[in-house]
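The values are calculated or read from the model by the stated rules, or taken from the named source; none is laboratory data. Given the structure is predicted, the values throughout are model-derived calculations rather than measurements. All Cβ positions, glycine included, derive from the backbone under ideal geometry; neighbour counts span all protein chains shown. All accessible areas refer to the heavy atoms of the entire protein, side chains included, with ligands and DNA or RNA removed. Shrake-Rupley method; radii C 1.70, N 1.55, O 1.52, S 1.80 Å.
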Amino acid sequence: MTTTTTAVSGTPSAAEPLTLRRVHLGAGGPLSDVRVESGLVRAVFPAGESPRADGQSLDLDGRTLLPGLWDSHVHMVQWAGLRRRLDVSGAGSAREAADAAGRRAATLPPGEPMIGHGFRDGLWPDAPHKDLLDALVPDRPSMLISMDLHSAWLNSAGLALVDRGDHPTGLLREDECIRAVAELPIASVELTDQWVREACVAAAARGITGIVDFEYADNIADWTRRMNGAAVPLRVSASIWPQHLEAAIDRGLRTGQPLDPGGRLEVGPFKLLTDGSLNTRTALCHEAYPGVMPGEPGSHGLEMLPPRELVSLLRRASSHGIEPAIHAIGDRANEMTLDAFEAVRCHGRIEHGQLLAPKDIPRFAELGVTVSVQPTHAVDDRDVADRHWAGRTHRAYAFADLLAAGAVLALGSDAPVATLDPWLTLASAVTRTGDERPPWHPEQRIPVADALAGSSQGRRLIRVGDRADLVVTDADPLTADARTLREMPVYATLLAGAWTHGPS
């Protein structure tokens, strides 16, 4: 029979045996019948040749069956709350953003903080300052978070609430920003968990079956609580931040270790930061930023972790089976991080890898270090990069060069920095543009098949014995045009053979 697509609650139902008939097995693959039982792909037949069997039988009418998609870099609580925040991504100046904050604050109930998101001050003609926010939002605690999550702009009431009342400007960067975002009370645990579940349901509707969560929190504890509540329609790899490392070691946790009977939650990587970001001009680079004299404080960005300490932390985590995932954006930070991996000789990931020295590109494959990239950043950051990394952008977001050198790419969004939608991620990697402009450095575009592999934990094929984490699309990504790829219609999503979106 042919079914119609329906939304489900987000709680995966018990997976009964299922035969998917007349579906293309992978992008560009043959028309097949696929048998799913007990959460696994049990058999594959040429279309029309599957035997009669118990359970559901669905005619998918020539749609395409793909491995389930992962977002390899998410900040889930911040993404879940984003839809309830003021969007200031279109603000062209600090004054314009402050004006928007003032208008929003006037509509909020008493006592509720005013939270905004998305500002990019790297191109602004004026600077964010608490006095500007105070003039428009004098009493209500207010915070605007930058698009890259590395800056937070607070008014005096907001600064007082996070115990930073003596801050001279109200613009917090890097560690101060991360702590303030975590400390400002916004919603109860119960409400936050509800928002997270809603965001997970929305992700499943776009074909997502798993995420790596880098929220600045005790992610293992938080996700254990969520998984013990209403079922979450995703697999989650819960990262470990430095303040939780020793507790994880004491518990004997190891990266990849399941934390629940169904294997939906697993121990993730150990997250460290070596530098800042491009927009805040804190990404650690070999060359000074324009307009700043070499030798001035911050002229080359910010070194957030000295090399010796980085090596020590990598050795401590990896010796206990916890793989590191190291944030590195500038070319100097990436070189330092690769040096640390070489010294420790452990596997792991570099998160972002945005600007690379040519000599470092082959080192990812040589050292067995995955590079976790966010292709939409290449699209969104092109103007800021052209200004602050002028003359170096040919080696920024160098996805094609990395693939050619044998590196393993893991694709993600860095939500809420970009939208948690794997098809936007894929389209950005394949097209290198998000508007009507020509592709930015088109030589760094990658093929659709490689982008799909980077979005599905390296799975290029669907094989018998695989977990039945699958997505059904109405179009074949290999033949889709750029617009269809970006807006890909997702017919259904399966997690361990149970519907999380679509037919039920």
* Determine, yes or no, whether ARG281 is closer than 22 Å to HIS394 by Cβ and crowded, with 17+ Cβ neighbours inside 10 Å. => yes
* To do: For the stretch 400-423, name all the residues that are in contact with a Gly (Cβ under 8 Å, 6 or more places away or on another chain) and open to solvent by 10 Å² or more (accessible area, probe 1.4 Å).
  => VAL408, LEU409, ALA410
* Scan GLY276, GLY268 and give me the residue that is surrounded by 24 or more Cβ atoms within 10 Å (Cβ to Cβ), in a loop (DSSP other than H, G, I, E, B), in contact with a Ser or Thr (Cβ under 8 Å, 6 or more places away or on another chain) and touching a residue at least 24 places away in the same chain (Cβ under 8 Å). => GLY276
* To do: Would you mind finding the one in VAL417, VAL373 that is modelled with pLDDT under 95 and within 30 Å of GLY92 (Cβ to Cβ)?
  => VAL417
* To do: Please enumerate the residues belonging to the stretch 126-144 that are part of a loop (DSSP other than H, G, I, E, B), of a type in the set (A, V, I, L, M, F, W, C) and over 30 Å from the mean Cα position of the chain (by Cα).
  => VAL137
* Structure fact -> Restricting attention to the stretch 284-313, the residues that are open to solvent by 10 Å² or more (accessible area, probe 1.4 Å) and within 24 Å of the chain's Cα centre (by Cα) number exactly 6
* Given (1) open to solvent by 10 Å² or more (accessible area, probe 1.4 Å); (2) over 20 Å from the mean Cα position of the chain (by Cα); (3) at pLDDT below 95, where does ARG225 come up short, assuming only one miss? -> (3)
* Structure fact -> Flagged pairs (Cβ under 7 angstrom, 6 or more apart or on separate chains; first in the stretch 413-435, in contact (Cβ under 8 Å) with a residue 60 or more places away in the chain; second of a type in the set (Lys, Arg) and surrounded by fewer than 24 Cβ atoms within 10 Å (Cβ to Cβ)) are ASP421/ARG206; PRO422/ARG206; TRP423/ARG206; TRP423/ARG486; LEU424/ARG486
* Asked: Does any residue of the stretch 6-27 turn out to be at pLDDT 95 or above, open to solvent by 40 Å² or more (accessible area, probe 1.4 Å) and in contact with a His (Cβ under 9 Å, 6 or more places away or on another chain)?
  -> no
* Asked: Of everything in the stretch 77-125 that's farther than 21 Å from ASP139 by Cα, part of a loop (DSSP other than H, G, I, E, B) and of a type outside the set (D, E, K, R), which residue is most open to solvent (accessible area, probe 1.4 Å)?
  -> PRO125
* **Which numbered condition ARG363 fails, given (1) in contact with an Asp or Glu (Cβ under 9 Å, 6 or more places away or on another chain); (2) open to solvent by less than 10 Å² (accessible area, probe 1.4 Å); (3) farther than 21 Å from GLU215 by Cβ** => (2)
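This table checks each residue for (1) surrounded by 13 or more Cβ atoms within 10 Å (Cβ to Cβ); (2) at pLDDT below 95; (3) acidic (Asp, Glu).
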position	(1), (2), (3)
ARG164	yes, yes, no
GLU215	yes, no, yes
HIS244	yes, no, no
ASP260	yes, yes, yes
* **Output for the stretch 475-503, where each listed residue is of a type in the set (S, T, N, Q) and either at pLDDT below 95 or open to solvent by 30 Å² or more (accessible area, probe 1.4 Å) (or both)** => THR479, THR484
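Can you list the strands (runs of 3 or more DSSP E) found entirely within the stretch 400-501 that contain at least 1 residues being small (Gly, Ala, Ser)? Write out each step before concluding.
Working: elements: 409-411, 470-473, 490-495, 498-501.
Qualifying strands (runs of 3 or more DSSP E): 409-411, 490-495, 498-501.
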* To do: Residues being in a strand (DSSP E or B), in contact with a strand residue (DSSP E or B) (Cβ under 6 Å, 6 or more places away or on another chain), open to solvent by 10 Å² or more (accessible area, probe 1.4 Å) and charged (D, E, K, R): count how many of those fall in the stretch 31-69.
  => 3
* Within the stretch 58-91, which residues are modelled with pLDDT under 95 and of a type in the set (Gly, Ala, Ser)? -> ALA80, GLY81, SER89, GLY90
* Among the numbered conditions (1) touching a residue at least 60 places away in the same chain (Cβ under 8 Å); (2) over 30 Å from ARG140 (Cβ atoms); (3) part of a helix (DSSP H, G or I), tell me where ALA199 comes up short. => (2)
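Could you please give the count of residues in the stretch 31-51 that are small (Gly, Ala, Ser) and within 31 Å of the chain's Cα centre (by Cα)? Break it down stepwise before answering.
Pass one, the stretch 31-51, residues small (Gly, Ala, Ser): 32, 38-39, 43, 47-48, 50.
Add one more test, that the residue is within 31 Å of the chain's Cα centre (by Cα), and what stays is 38-39.
Qualifying residue count, the stretch 31-51: 2.
Among the listed residues VAL371, VAL379, identify the single one that is free of Cβ contacts under 8 Å to residues at least 60 places away in the same chain, among the β-branched types (Val, Ile, Thr) and either open to solvent by 30 Å² or more (accessible area, probe 1.4 Å) or touching a helix residue (DSSP H, G or I) at 6+ places or on another chain (Cβ under 9 Å) (or both).
Numbers: VAL379 fails: free of Cβ contacts under 8 Å to residues at least 60 places away in the same chain.
Checking each option against the conditions leaves just VAL371.
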* **Qualifying residue in the stretch 167-182 (condition: part of a helix (DSSP H, G or I), under 21 Å from THR419 (Cβ atoms) and open to solvent by less than 30 Å² (accessible area, probe 1.4 Å))** => yes
